[in-house]
Structure formats: C-alpha cells, structure tokens
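The structure appears below as structure tokens.
The values are calculated or read from the model by the stated rules, or taken from the named source; none is laboratory data. The structure displayed is predicted, hence computed values, not measured ones. With ideal geometry, Cβ positions are generated from the backbone for all residues, glycine too; neighbour counts draw on all protein chains shown. Accessible surface areas use protein heavy atoms only, side chains included; no ligands, DNA or RNA. Shrake-Rupley method; radii C 1.70, N 1.55, O 1.52, S 1.80 Å.
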Amino acid sequence: MMKTNKSQTALQNYLDGLLQEAEIEQFNEPKPVMLEEKPLAPVLLPTFTTPKIVVEQQVETKIDIEMQPELQPVVDEKPAWSQQPFECLLFDVAGLTLAVPLICLGSIYQLSEDDITPIFAQPEWFVGIMSTPAGNLKVLDTARWVMPERYNPELRKDFSFVISIDGHEWGLAVNQVRNSILLRPDEVKWRLKRGQRAWLAGTVIEHMCALLDVEALAKLITDKDKRVTVDKSL
Amino acid sequence: MKNSSAQSSDDPVLQWVTFRLDDETYGINVMQVQEVLRYSEIAPVPGAPSYVLGIINLRGNVVTVIDTRQRFGLPSAEITDNTRIVIIEADKQVVGILVDSVAEVVYLRESEIETAPNVGNDEAAKFIQGVCNKNGELLILVELEKMMSEQEWAELDGF
C-alpha cells in the first residue's frame, strides 16, 4: 500500500508539473479574438474554466541540461501503433508507472547480482552490458532518462528487470514489472509536438501512468551512439 | 551474428591476455604483452602526470608504470598479492600497466567481438575496442594505443 501511494504521489507530482506549465503557457497566450468581439468589456485575463486543456501540445518542461542525456529532436506525430487499441505493459521506475506498447517490446529479463557489466567512461545513464541468450544488451538507466530532475543514484540498486526494445540492442532497467492493459487511443492524452521528452508519447490519467514512445527513445539513443562514433573516428 | 566457421583469413583468431580491474575483466592483445611481473616497488617520479605511478627497474631498463585504474576512471585500490604489472609495448614504447590481477589467455575469433557502446563522451571511452562474451562473462577489450593521446605517449618517452 505504501508503495502504491508513493507511486501515485510521484506520478501525480509529475503530471501536476506538466499541467501547471501548460496552464502557464495558456495564460500567456490570450486569444485576440475575444478582445475584438467584446471591445467594451474589461480586459480579462483568460481563465482556466475550459474543461479540457490540451496539455500535450504545449508542454515543455525544464530539465537540467547536465542531467539530460540527450538534446532531443522534435517528434511531431503520434506513433504508428496509436491508431487503434493497443496492449501495454505497465512497469515501475523510481515510483513512476510507465506503460510501453507490447508491440515495441522484445523480452523481459530478471536481474540478479552481477548480471550487468559496467563499462568505464560511459555516461551515467548507461548502466552497462547484459549478456542474454539473444546477445548483449546495452542497458539504460530508465529512471535517469525519464525523471532526471528527481533522480537518485540509490534507485539503481532496486533494478529488478531489464526490458529489451524490439529491434534494438538496448534494454530498459526497471524496478518492477506489473500487468498488461488494453488502452484505447482516446484514453491517452497524446503529446503531438514533442521537443523535450520526445520519448513521452502521452499520459494515461485513468491508469496514472506515462506512455513511452519506445521507438522515439531508441532513436534518441542510437542517434547519440552514431554521433559519438563519428566523433571518435575524427 | 557470430560466425561459427573454422579459422580463416576472413575471421582470424586473436589471443588476448585478460586481467581484472575493479571486479571486471579486460583483455589486451597478446602480441602487445611482453611479460607479466609481480608487484614490485614503484619509484615515484617528481612532476610526473597523475596517471604515471612511477618507474621500475626491469633488468637494467627503466620502465614507466601507468595507473590503469586512474586511466579508466576507476577508484584506486590496495595492492594485494594478486597485483601485477603487465609490461606492454604500445605506440613503440614499453610501459607497465598496473592491474588487480592477471587471469588467462583467451582465444577470440574476430567475429565474436562486438562493438562497444559508443555513448560515452569521456576521453577514456575511446580505448574500448569492443566486448565479447567468454566463459559466461563479458570481456572488455582495450586498445592500448588509445589509452593515451600522442602527446601523453610522447611525455612518457621522457621518463
């Protein structure tokens, strides 16, 4: 029960942050049409009575550049799998519940001690290499990617599983794997313009979770991989 | 991915001397290893760079010993009975590298060697040549020439 509360609090804080910034942006962008239609009315600042706020299109959260693993390109569309209901796996990372479409996942590996070999001189979000029957997996510290601003190195001790990304040699280190759920596209608050956090496809309030766009995440990592390879060859 | 065919010119077998540092296993090309010495006192050199532990006398020749842990960005450790100085030749110089222990010589087909992650911007990431699974553990293969820059190799020449 304690864990659930902690998880919900973390997600709530996370989502609150996104909502708050979206509201501020909306506050700063009054619609000029309102002023033209009612010239005699006192100039009112826009209120927040609109029942639905399109959060995803306006959210740009501030992330500590030092902690941020990647300068992220803008992702400007919904993922291909978002057009119809899709099954997602839920898992926990640092108290936050994340959802990943099953179609994007490879395998789930349970972690035991010494399963991951750290490699020196790598960024802190790179946990190490894990040998699996399918080959070596490069393991990503998911918590550091998802919540760099509230990252705690102690969280790394609690990794229990690595989830491999289908078609890539990367895996996500996670604390706990939960159940799978079926999501309808209209249950997700999609982010359509994604600059920062391009890997965040949207949020699912009903399940209190963030939905990962694994392809976007994998692309961020592999792009970085390629860039560093070029740098090293110079 | 892995080529199971017999040794051929397309897939040569290379020998690697493996050593341990901070509970991980590393490999260096056997052709670059001249000998492995038990730890003996290393005489510090005033004004030497931080990655130089000092010098040893190897049968009348002065050999500079490099602090491998420091070079790899690893914490320093106590000298133990297993500590070894591996005498290597790299960049036309003979130097010693201090390691926690020396394990064995392994044979690896070139096709067995996988590229290392290339996400590290750290200078030290440059000298990871690749990784390979052997005997149930992951070997990290090190390219000794890249362990130091040309300038650093030139500096070593002065000791």
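Give the span of region A:106-178's Cα atoms along each principal axis, as three whole-Å numbers ordered largest to smallest.
Principal-axis extents of region A:106-178 (Cα, largest first): 33, 33, 24 Å.
To the nearest 100 Å², how much accessible surface do chains B and A hide from each other in total, with a 1.4 Å probe?
For B against A, buried area totals roughly 1900 Å².
Counting only DSSP beta bridges with both residues in region B:1-152, what percent are antiparallel, rounded to the nearest 5? Intermediate results must be reported in sequence, preceding the final value.
Values: 40 of 46 bridges.
Restricted to region B:1-152, the bridges split so that about 85 percent are antiparallel.
For a quick check: with amide H placed at 1.01 Å from N, whose amide H comes under 5 Å from B:Leu53's, ignoring anything fewer than 5 positions away on the same chain?
Answer set, sorted by chain and number: B:Val65, B:Ile66, B:Asp67.
Using a 1.4 Å probe on protein heavy atoms, which residues of region B:91-122 have at least 50 Å² less accessible area in the complex than alone?
Relative to the lone chain, where solvent access is computed with a 1.4 Å probe, region B:91-122 loses at least 50 Å² at B:Pro117, B:Asn118, B:Val119.
Which ³J(HN,Hα) values, rounded to whole Hz and listed in residue order, are derived for region A:93-110 from phi using the Karplus coefficients 6.51, -1.76 and 1.60 in 6.51 cos²θ - 1.76 cosθ + 1.60 with θ = phi - 60°, glycine and proline given as x?
9, 6, x, 9, 8, 10, 10, 10, x, 4, 4, 8, 9, x, 10, 10, 10, 7
Averaged per residue, what accessible area in Å² does region B:24-126 show with a 1.4 Å probe, protein chains only?
With all protein chains present, region B:24-126 gives 51 Å² per residue.
Could you work out the local net charge near B:Leu58, counting Lys and Arg as +1, Asp and Glu as -1, over the other residues with Cβ closer than 13 Å to its Cβ?
-1
Strictly over 32 Å apart at the Cα level, which of A:Lys157/A:Lys193; A:Lys219/B:Lys134; A:Lys219/B:Lys92; A:Lys78/B:Lys126; A:Lys219/B:Lys146; A:Lys219/B:Lys126 would you flag in this model?
Working: A:Lys157/A:Lys193 34 Å; A:Lys219/B:Lys134 30 Å; A:Lys219/B:Lys92 41 Å; A:Lys78/B:Lys126 37 Å; A:Lys219/B:Lys146 29 Å; A:Lys219/B:Lys126 22 Å.
In this structure, A:Lys157/A:Lys193; A:Lys219/B:Lys92; A:Lys78/B:Lys126 lie more than 32 Å apart at Cα.
Non-local amide H neighbours of A:Ile119 (under 5 Å, H modeled in plane, Pro and chain starts lacking H): which ones?
Amide H neighbours of A:Ile119: A:Ile129.
Could you pull out the trypsin sites (Lys or Arg not before Pro) across region B:42-97 that fall in loop regions by DSSP (anything but H, G, I, E, B) with no more than 12 other Cβ atoms inside 10 Å?
Here the trypsin sites (Lys or Arg not before Pro) that fit, given the DSSP loop and packing criteria, are B:Arg59, B:Lys92.
Between B:Ser76 and B:Ser50, what is the label-point separation in nm under the 7 Å Cα-to-beta-carbon projection?
1.1 nm
On the first, second and third principal axes, largest extent first, how far apart are the outermost C-alpha atoms of region A:79-206 in Å?
43, 33, 23
Given H placed 1.01 Å from N in the peptide plane, which residues other than close sequence neighbours of B:Asn133 have an amide H under 5 Å from its amide H?
Answer set, sorted by chain and number: B:Leu139.
How far is it, in nm, from the label point at B:Tyr39 to the one at B:Glu150 when both lie 7 Å from their Cα along the line to the Cβ?
3.6 nm
Using only Cα atoms, locate the centre of region B:19-49 and the centre of region B:104-159, then give the distance between them in Å, rounded to an integer.
That distance is 14 Å.
How big is the shadow of the Cα convex hull of region B:54-159, averaged over all directions, in nm²?
8.2 nm²
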